[in-house]
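Q: Take this structure, written in structure tokens, and hold onto it; I'll ask about it next.
We did not get these values from a lab; they are worked out from the coordinates using the rules stated. Everything numeric in this text was worked out from a predicted model, so none of it was measured. FYI the Cβ positions are ideal-geometry reconstructions off the backbone, even for glycines, and counts take in every protein chain you see.
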Amino acid sequence: MSLARNYDWQERSIHGTKTGAIFCRHAAVLYRGTDMIKKSKGLLITGLLILGAGASQAADVSSIVKSCNDCHGKDGVSQWTDVPTIAGVSESVHEDALYIFADEGRPCAESRFRQGDTNRPATTMCAVAADLSEEARADVATYYAKLSFVAAKQDFDPSLAAAGEAVHKKQCEQCHSDGGSNPDDEAGILAGQWKGYLKSSFAEYTSGKRDQPSKMKEKMDALSADDVKALLDYYASQQ
Ligand code: HEC
Ligand code: HEC
């Protein structure tokens, strides 16, 4: 797996004003660059096929998301602590994640299917993402961004959650606003996400196995083990 690849975390600006949020465009822009060249060559044919393509594309997305939901839960809302809810995640964060997985640029654990045909062989997010065409990656990202995130019903310790809130406000709120619940930050959704998934994400960041924006790394590296525990309960407490 190549972790040497440096994802390019860029400062996001909306209408020319820097928002302070940072997002990763490297993988997607790189691939889309080549895609655009291919597309311009195929423009004439595409023009002729466009009517038919609309219908078949819609059918494709629904069969793809059915298999995603067999792990991520109905409408992308997970009931399993090691599987993240993907409903309501912003389009660009979702699409970037799929490019990064396809590149094996972040760890992907082997996972079994949770519903539907559970006898299918276990697979990984890296394999799932690599199997999707570029169009499909964009389409599923758009599809899930329109669905509502539903906070997980999970246990938490109220005093740890209060300690975690203080750490979050000081170190993380700047980019993960509204307690980590705002998809428009383009930084994922932390509030109400499953603790099991977030716990392994923290471990991947700490061990350097998952890339992160350098400004986030500074904050993450400064956290004690108790801070991390408290943050996990804070995110779990938002239901
Ligand atoms: C076999 C189970 C399985 C299938 C099928 C599956 N996923 Fe996943 N997905 C996971 C697990 C488990 C994780 C947590 C990360 C990891 O362990 O790889 C994950 C992580 C993700 C993430 C990262 C979320 C984040 O906030 O960074 C996205 C996005 C995602 N999946 C989208 C999809 C899409 C889209 C599909 C269908 C094309 C899909 N997944 C199919 C199990 C699955
Ligand atoms: C400078 C902005 C910035 C700061 C500060 C920051 N983050 Fe992030 N964070 C991001 C961005 C951007 C992403 C999306 C990365 C990606 O797409 O893989 C992210 C992603 C994450 C994720 C992964 C979410 C997922 O769905 O997999 C976690 C967990 C996280 N941050 C936790 C934290 C915590 C905890 C702090 C405070 C100690 C923090 N971040 C501070 C910008 C920041």
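Q: Report, in listed order, any pair from Lys146/Lys217; Lys199/Lys219; Lys66/Lys170; Lys66/Lys229; Lys146/Lys195 with a Cα-Cα distance greater than 28 Å.
A: Working: Lys146/Lys217 30 Å; Lys199/Lys219 16 Å; Lys66/Lys170 40 Å; Lys66/Lys229 34 Å; Lys146/Lys195 23 Å.
Cα-Cα > 28 Å for Lys146/Lys217; Lys66/Lys170; Lys66/Lys229; rest within.
Q: Continuing with this model, one more query. Residue by residue through region 124-131, what is 3J(HN,Hα) from phi via Karplus (6.51 cos²θ - 1.76 cosθ + 1.60, θ = phi - 60°)? Round to whole Hz and write x for glycine and proline.
A: Working through the residues one at a time gives 10, 4, 4, 5, 4, 5, 5, 6 Hz.
Q: Would you work out which of Gly196, Gly179, Pro213 lies farthest towards the positive end of the dipole of region 158-237? Charges go on Cβ: Lys and Arg +1, Asp and Glu -1.
A: It is Gly196.
Q: For Lys153 and Asp221, what does the FRET efficiency come to when R0 = 35 Å and r is the distance between their Cβ atoms, rounded to the nearest 0.05?
A: 0.65
Q: Still on this structure: Work out how much length Glu110 to Asp82 would gain on full extension: take 0.36 nm times their residue separation and subtract the Cα-Cα distance, in nm to one decimal.
A: Details: separation 28, 0.36 × 28 = 10.08 nm, distance 1.12 nm.
Extending this stretch completely gives an extra 9.0 nm.
Q: Just add up the charged neighbours of His176: K/R +1, D/E -1, any other residue whose Cβ is under 13 Å from the Cβ of His176. Write out the running numbers ahead of the final one.
A: Details: positive: Lys169, Lys170, Lys215, Lys219; negative: Glu165, Glu173, Asp178, Asp184, Asp185, Glu186.
The answer is -2.
Q: Still on this structure, please answer the following. If the convex hull of the alpha-carbon atoms of region 158-237 is projected onto planes in all directions, what is the mean projected area in square nanometres?
A: On the way: hull surface 18.6 nm².
Convex hull of Cα atoms, orientation-averaged projection: 4.7 nm².
Q: What is the local net charge at Ala152, summed over the other residues whose Cβ is closer than 15 Å to its Cβ (Lys, Arg +1; Asp, Glu -1)? All intermediate terms of the calculation are to be shown ahead of the outcome.
A: Numbers: positive: Lys74, Arg114, Lys153, Lys195, Lys199; negative: Asp75, Asp82, Asp155, Asp233.
Net of charged neighbours comes to +1.
Q: Below 10 angstrom from the Cβ of Ala163, what's the summed charge of the other residues (Lys, Arg +1; Asp, Glu -1)? Intermediate values should be presented prior to the final figure.
A: On the way: positive: Lys229; negative: Asp157, Glu165, Asp226, Asp227, Asp233.
Net of charged neighbours comes to -4.
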